[in-house]
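First the structure, in the form of structure tokens, and then the observations on it.
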2 protein chains.
Amino acid sequence: MPERKPRKDAARNREAVLAAADALFARRESPEDVTMADVAAAAGVGKGTLFRAFGDRAGLLRALYEARMEPIRQAVEAGPPPLGPATPPRDRVPALLDAVLCFKLDNRRLALALEEGGSGSPYRAEHYERWHGLLRAVLEQVPGLTDSGFTAHALLAATRADLVEHLAGDEHIPREAMRAQLANFVTGVLASSPREG
Amino acid sequence: MPERKPRKDAARNREAVLAAADALFARRESPEDVTMADVAAAAGVGKGTLFRAFGDRAGLLRALYEARMEPIRQAVEAGPPPLGPATPPRDRVPALLDAVLCFKLDNRRLALALEEGGSGSPYRAEHYERWHGLLRAVLEQVPGLTDSGFTAHALLAATRADLVEHLAGDEHIPREAMRAQLANFVTGVLASSPREG
DNA sequence: GTTGAAGCGGACCCAGGGTCCGCATTCTAG
DNA sequence: CTAGAATGCGGACCCTGGGTCCGCTTCAAC
């Protein structure tokens with residue numbers, strides 16, 4: 001096991017950076033005007049340290065994302081219905097998408113930064129693959145529904161960070177209205193396949 | 001009328017740039033490695049000229065986009081069914097989305113560059129607003145369908161350039177399969193509202 | 001305490017978008 | 001045809017921001 005435990009100061013700095021970045025993304029208007037130098041400065045750390053700890057900008061974003069996402073991941077993998085695995089597919093699909101939507105509403109800047117800055121398409125990101133794989137698998141359980149791979153992509157596309165940002169920020173659609181509209185849309189997509197009886 | 005006609009050399013250069021950029025986007029793997037300097041060089045023109053003619057990168061992309069889009073715009077605004085205005089809503093919605101999809105398949109790099117580099121969300125771009133407005137209006141004609149604004153966004157999201165690129169490039173889904181899957185998806189969304197009759 | 005490895009930090013590098021301004025080209029008036 | 005002004009040209013230059021480098025510091029194992 002070549003797993004070396006990190007030095008104390010390294011761990012402390014890592015946390016400081018994470019906290020600072022989190023705060024910065026929350027405060028600043030657009031994610032693209034929170035620069036790596038800003039984060040380093042806010043964390044009271046040199047740029048070198050920052051890049052050593054996270055590799056690059058995308059790495060920092062990913063770390064932040066995973067921290068924020070952890071509770072949802074838990075709820076999806078082993079939690080109670082409607083998110084957990086015991087839920088019947090027709091109920092779980094809307095629940096999953098609602099969870100994604102809520103996450104993006106609660107972490108707008110972060111999600112935005114993650115999806116746009118990610119040096120290449122967001123579709124190659126490991127976290128996207130996970131959501132897509134899961135959603136696809138659940139959709140596959142819905143009788144009569146075809147093209148579950150494509151459908152999963154299309155449904156997830158309706159929760160893209162920049163779209164959510166546009167709806168919330170420019171069109172001023174309130175949170176609950178958005179959730180309702182998404183739920184309605186998802187229901188429609190599912191309803192087109194025959195109900196099981 | 002303060003509309004001054006442009007000088008001959010200016011017009012010629014503008015065309016040269018457009019052609020060069022078009023060619024470059026077609027050849028290069030990713031749109032982000034076709035740089036403004038590249039375009040200028042390929043067109044045999046100085047950077048100053050390029051920026052004078054188009055303002056900035058987004059301006060160039062927009063110009064390119066509009067040129068490529070023109071025939072489709074015509075077909076949609078005044079052409080025959082299934083794209084033209086005489087088409088019944090239930091048939092026109094899939095036709096419109098199919099047109100968008102095909103456009104993005106035929107102009108992958110360009111569409112990609114336009115959607116991601118666009119200094120801010122693609123949702124504020126004037127061309128998106130046009131497509132969304134049109135689609136929304138057509139959806140509004142479909143009896144029983146609610147939230148046409150949101151639905152229009154969600155359907156368009158299924159044709160986002162980076163998704164199309166992912167499906168075509170990474171998942172190797174052939175053109176016709178993709179068109180069929182999108183059509184199927186759209187049909188599902190529309191079918192959830194009661195058929196008129 | 002000593003010592004070598006792990007980590008630190010900020011000066012530095014580089015690419016790429018965008019600007020500037022002296023020079024060239026084109027239009028227009030006489 | 002020519003002169004002058006207006007318009008446009010081009011590439012050197014600037015600036016921002018991500019990412020690297022390396023001499024110095026700090027930690028922790030002995």
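Readers should treat all values here as calculations from the given coordinates under stated rules, not as data from a laboratory. All of these numbers come straight from a predicted model, not from anything done at the bench. A quick note on method: Cβ atoms are made from the backbone with ideal geometry, for glycine too, and the neighbour counts reach across all protein chains shown.
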Can you list, shortest first in nanometers, how far B:L134 lies from the same residue in the other copies, with each label 7 Å from Cα toward Cβ?
-> 3.8
May I ask you to give the average projected area over all directions of the convex hull of the Cα atoms of the stretch B:66-121, in nm² rounded to one decimal?
-> 4.3 nm²
Go through the stretch B:166-171 residue by residue and turn each phi into a ³J(HN,Hα) via Karplus (6.51, -1.76, 1.60, θ = phi - 60°); whole Hz please, and just put x for glycine and proline.
-> 4, 5, 6, x, 8, 8
Are there GluC sites (Glu not before Pro) in the stretch A:98-197 that DSSP marks as loop and that have at most 11 other Cβ atoms within 10 Å, and which are they?
-> A:E196
For the stretch B:1-55, alpha-carbon Rg relative to the globular expectation (2.2 N^0.38 Å, N residues) | 1.24
Relative contact order as a percentage, chain B, C-alpha pairs under 8 Å and 6+ apart, gives 19 percent
Between A:A86 and B:S119, what FRET efficiency comes out of the Förster formula 1/(1 + (r/R0)^6) with R0 = 41 Å and r the beta carbon distance, rounded to 0.05?
-> 0.35
Could you let me know the centre-to-centre spacing of the stretch B:1-77 and the stretch A:32-103, using Cα atoms, in angstrom?
-> 39 Å
Assign unit charges at the C-beta atoms only (+1 for Lys and Arg, -1 for Asp and Glu), then state the dipole size of chain A relative to its Cα centre in Debye, rounded to the nearest 20.
-> 720 debye
GNM top mover of A:D162, A:D56, A:D170 - chain A, alpha-carbon springs below 10 Å = A:D170
What nm value, rounded to one decimal, do you get for the distance between A:A67 and B:T146 when each label is placed 7 Å out toward the C-beta?
-> 4.0 nm
Computed over the Cα atoms of the protein assembly as shown, what is the ratio Rg over Rh, Rh following Kirkwood?
-> 1.00
Restricting attention to the alpha-carbon atoms of the stretch A:56-191, what are Rg (one decimal) and Dmax (integer), both in Å?
-> 14.6, 44
Shielding by other protein chains, B:143-154, mean Cβ within 10 Å = 5
Positive end of the charge dipole of the stretch B:68-191 (Lys, Arg +1 and Asp, Glu -1 on Cβ, about the Cα centre): tell me which of B:Y128, B:P143, B:G117 has its Cα farthest that way.
-> B:P143
Put the label 7 Å from Cα along Cα→Cβ for A:A75; what are its distances to the other copies, in nanometres, shortest first?
-> 4.4
Would you kindly derive the ³J(HN,Hα) couplings of the stretch B:21-31 from the backbone phi angles with the Karplus curve 6.51 cos²θ - 1.76 cosθ + 1.60 (θ = phi - 60°), listing them in order in whole Hz, with x for Gly and Pro?
-> 4, 3, 4, 4, 4, 5, 6, 5, 4, 10, x
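Per-residue mean of other chain beta-carbon atoms within 10 angstrom of the beta-carbon, peptide B:159-169? Provide the component values of the computation, followed by the final result.
Details: counts 2, 9, 1, 9, 9, 0, 2, 6, 4, 0, 2.
Per-residue shielding by partner chains comes out at 4.
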Between A:A75 and A:H127, with labels modelled 7 Å along Cα→Cβ, what's the label distance in nm to one decimal, could you check?
-> 1.6 nm
Which whole-Hz ³J(HN,Hα) couplings does the stretch B:70-84 yield from phi under the Karplus relation 6.51 cos²θ - 1.76 cosθ + 1.60, θ = phi - 60°, glycine and proline marked x?
-> 3, x, 5, 4, 4, 4, 6, 7, 8, x, x, x, x, 8, x
For the stretch A:1-89, which GluC sites (Glu not before Pro) are in a loop by DSSP, counting at most 13 other Cβ atoms within 10 Å?
-> A:E3, A:E29
For the pair A:R12 and B:R175, the simple spin-label estimate (label points 7 Å beyond Cα toward Cβ) gives in nm 6.2 nm
Mind checking which chain B residue has its Cβ closest to the axis relating B to A, and how many whole Å off it is?
-> B:A157, 2
Calculated label separations, A:A10, copies of the chain, 7 Å along the beta-carbon direction, nm | 6.0
